[in-house]
1. Criterion first (farther than 26 Å from ASN106 by Cβ and either outside any helix (DSSP H, G or I) or not basic (Lys, Arg) (or both)) does ALA35 satisfy it?
2. Just to check your reading of the model, which residue among SER2, SER48 is of a type outside the set (Phe, Trp, Tyr), in contact with a Ser or Thr (Cβ under 9 Å, 6 or more places away or on another chain) and modelled with pLDDT under 95?
3. Anything in the stretch 11-32 that is in a helix (DSSP H, G or I) and charged (D, E, K, R)? List them, or say none.
4. Determine whether GLU8 is over 21 Å from LYS117 (Cβ atoms), outside any loop (DSSP other than H, G, I, E, B) and in contact with a Ser or Thr (Cβ under 6 Å, 6 or more places away or on another chain).
5. Pick from ALA62, ALA56, ALA105, ALA85: which is surrounded by 17 or more Cβ atoms within 10 Å (Cβ to Cβ) and more than 22 Å from ARG42 (Cα to Cα)?
6. Restricting the search to the stretch 42-98, which residues are hydroxyl-bearing (Ser, Thr, Tyr) and within 15 Å of LYS154 (Cα to Cα)?
7. Out of the residues in the stretch 129-152 that are touching a residue at least 40 places away in the same chain (Cβ under 8 Å) and of a type in the set (S, T, N, Q), which is nearest to THR46 (Cα to Cα)?
8. Do you know which of the residues in the stretch 1-33 that are of a type in the set (A, V, I, L, M, F, W, C) and out of contact with any Pro (no Cβ under 9 Å at 6 or more places or on another chain) is surrounded by the most Cβ atoms within 10 Å (Cβ to Cβ)?
Amino acid sequence: MSLQSVREHFRKFNREQDILEYTQSSATVEEAAIALNVIPARIAKTLSFKDKEENAFLVVTAGDAKIDNRKFRDQFGVKAKMLSAEEVVEQTGHVIGGVCPFGLANNLPVFLDISMKRFLSVFPACGSINSAIELTCDELMEYSGALTWVDVSKDWDGLLKDESHLDVVKK
């Protein structure tokens, strides 16, 4: 059902045919990078958190980025507290490994981390553990309905496993 809700979401943009499906798992950053034949940093991972009132929201980061607790607290006014696996399914309609900011079960605030801006395109999941779509950062902003770009991650700046990669955009 989750992949179907994402297909319906992308149908509004005439992009449902661009969803990639694999016979192998793409549930982790590493598995997705192998399935897509790209560096792990280009995988757009969607993380789900709770705010002070226990309301869910999503942050999408580059595959090699980690949440920086200080930056996160400065941005959102709360310690980074992730949803449980059950809460993720309840709030997003997607299982862990397929979580994305598209075709959501609930209307959740979405934020995009600047760690992805160094690439011409990134690959978010599409609601299942074996799907993805290639999007530019502008398309990711548009199709996800993200509120804004944020800077809440660390350990990615300048860390490119393949500096000769054609899709790398220098900051």
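1. For ALA35, the condition - farther than 26 Å from ASN106 by Cβ and either outside any helix (DSSP H, G or I) or not basic (Lys, Arg) (or both) - is met.
2. SER2
3. Correct list: ARG11, GLU16, ASP18, GLU30, GLU31.
4. Spelling it out, it is not the case that GLU8 is over 21 Å from LYS117 (Cβ atoms), outside any loop (DSSP other than H, G, I, E, B) and in contact with a Ser or Thr (Cβ under 6 Å, 6 or more places away or on another chain).
5. The conditions single out ALA56.
6. Passing the criteria: only THR61.
7. SER144
8. Ranking the qualifying residues of the stretch 1-33, first place goes to VAL6.
The values are calculated or read from the model by the stated rules, or taken from the named source; none is laboratory data. What you are looking at is a predicted structure, and each value in this text was computed from that prediction instead of being measured. With ideal geometry, Cβ positions are generated from the backbone for all residues, glycine too; neighbour counts draw on all protein chains shown.
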